[in-house]
C-alpha cells in the first residue's frame, strides 16, 4: 500500500476548513490525510524540511516512494498538486501551473490575506478520524 499524501492547513481558519471539506467531498481515492499546521505531524514534517519553518500556508506533502524522496509544496504549488490529486474536472486548475509562480503566489497570498473574511470563514472543521493524519 502506498503511503497517503498529507495536507497541512491552518486549523483556525474557516476558509481553510471549507477547503478541507471540499477535498474530502471530491477525493475519489479517499487517501489524502489532514493535519493542522500546529500539530505534532506538522512539526515532524517541518523537522524533515527546515525550509518550511515559519510557513503560514497550505502545505502538500507527497510521501516518499521506492524511487523518490518525500516532497513538499506550499502556496499555489500546493493548490496545483491538490488539483492533480483530485483529478477529474478539478484538473482544470492545473492550467495555473502555466503561469509564472510569482503571479500564482501573488493571487494565493491575496486570498490568504483575506481568508478570515471570506464566506464560511467563521466555521472551523475537524476532519473525521479516518481522514486525519495519525498522531495529529
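Every number here is computed from the coordinates shown, using simple stated rules; none is lab data. The model shown is predicted, which means the values in this text are computed figures rather than measured ones. Note: ideal-geometry Cβ built from the backbone for every residue, glycine included; neighbour counts use all protein chains shown.
A few notes on this one:
- For region 32-95: Kirkwood Rh in Å [reciprocal of mean 1/r, alpha carbons]: 12.6 Å
- Intensity falloff of region 6-131 expressed as log10 I(q)/I(0), Debye formula with alpha-carbon point scatterers, at q = 0.09 Å⁻¹: -0.24
- Chain lengthening between residue 113 and residue 53 when straightened (0.36 nm per residue, less Cα-Cα): 19.7 nm
- On the beta carbon distance between residue 101 and residue 64, with R0 = 25 Å, the FRET formula returns roughly 0.55.
- Rounded to 5, percent antiparallel among DSSP beta bridges of region 6-131: 65 percent
- Sorted ascending by nearby beta carbons within 10 Å, beginning with the fewest, 12, 19 become 12, 19.
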